[in-house]
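One structure below.
The values are calculated or read from the model by the stated rules, or taken from the named source; none is laboratory data. The model shown is predicted, which means the values in this text are computed figures rather than measured ones. Glycine also receives a Cβ, built like all others from the backbone with ideal geometry; neighbour counts cover every protein chain displayed. Keep in mind that these areas ignore ligands, DNA and RNA; they rest on the heavy atoms of the full protein, side chains included. Shrake-Rupley method; radii C 1.70, N 1.55, O 1.52, S 1.80 Å.
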Amino acid sequence: MYLPGTPGEIIGDLRTKMGWTKLKLSQTTGIPQSQLSRIENGKITHISNDILIKLATAFNVSTDYILGLTTVRSPKNYDISELGLSEKAVKAIVSKKIDVDILNQLLEHKNFPYLIYMIKAYFDNSIADGIAARNDIINMATSTLADFMKDNPKHKSEVQQDIRLLKSQKLGEHEAELDKIKNTFVAILKDIRKNVDRETPQPMTAEMFKEMKNELSDKPISEITTDDISNVVMNMLQQSIPMNNNSETMKNIIKSILENK
């Protein structure tokens, strides 16, 4: 699939984004400035391999990107094995079991690396060990206060209040990190949702049932058949759920339910 723009236009765009003049690009690549001008203006349509490689190296993009054959600017097309994905993960992506659009937005989100870091910390117990040490310090403090209370019964009320306060500061082994993981993930999802433009089926509403009733109002109740009702129900359903080739099957199911009732 070719991208919009000729190689010359893509080169000009890359140069502009780098903030380079044609002279600067010429000095970087060793390609004559006049030749660069002719390439960008479209007067040279066939770019030799050596010039293409020099330009790709200067811009740190792939030659395919300059030729408009890919949207991936990376100078290297990574082999899928280099990504570190398991065979199961690759199959799930290739077989479309995973929504790749959402997966891309997750991976591209600025806070996703932090989320992965916290999940890794949760798995290897590095944070839990710190929380356990913190709880041990609290236990030592409450134990010391309990001993003080035994020796100073007149301060029992105040000491008990301090002990309760300290104990309330203790955390479960993974309580804090799970809360952080959850809050970070929800925040990422909210950000992604702003960018996801999906059509969602409209639910059946009281207004739709009212429309169904109106469609049947031209017949006396005694003359309304299960076919009439199933037709109206199907019309309403098809407004919110595409039936494709299953409409007749669905209609028969509705009719069967009505007849049983």
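Miscellaneous remarks
- Pairs from LYS88/LYS180; LYS17/LYS194; LYS22/LYS43; LYS213/LYS251 whose Cα-Cα separation, in the structure shown, is over 23 Å: LYS88/LYS180; LYS17/LYS194
- Rounded to the nearest 10 Å², the accessible area of LYS167 at probe 1.4 Å: 120
- Here the gap between ILE221 and LEU107, fully extended at 0.36 nm per residue and compared with their Cα-Cα distance, gives a gain of 35.2 nm.
- HIS46 contributes an accessible area of around 150 Å² to the protein surface, as traced by a 1.4 Å probe with all chains present.
- Theoretical gain in end-to-end length, ASN235 to LYS24 [0.36 nm per residue, Cα-Cα removed]: 69.3 nm
- Most to least accessible of PHE148, PHE123 (protein chains only, probe 1.4 Å): PHE123, PHE148
- Probe 1.4 Å, all protein chains present, accessible-area order of ILE80, ILE47, largest first: ILE80, ILE47
- 3J(HN,Hα) along region 225-236, derived from phi through the Karplus expression 6.51 cos²θ - 1.76 cosθ + 1.60 where θ = phi - 60°, amounts to 9, 5, 5, 4, 5, 5, 5, 5, 4, 4, 4, 5 Hz, with x in place of Gly and Pro.
- In the context of the full protein assembly, TYR114 retains an accessible surface of approximately 100 Å², using a probe radius of 1.4 Å and ignoring ligands and nucleic acids.
- Quotient of the Cα radius of gyration of region 77-119 and 2.2 N^0.38 Å, N being its number of residues: 1.27.
- Heavy-atom accessible area ranking, 1.4 Å probe, most first, across TYR65, TYR117: TYR117, TYR65
- Packing-based ranking, highest mean first, of 100-107, 52-59 given that Cβ atoms within 10 Å are counted: 52-59, 100-107
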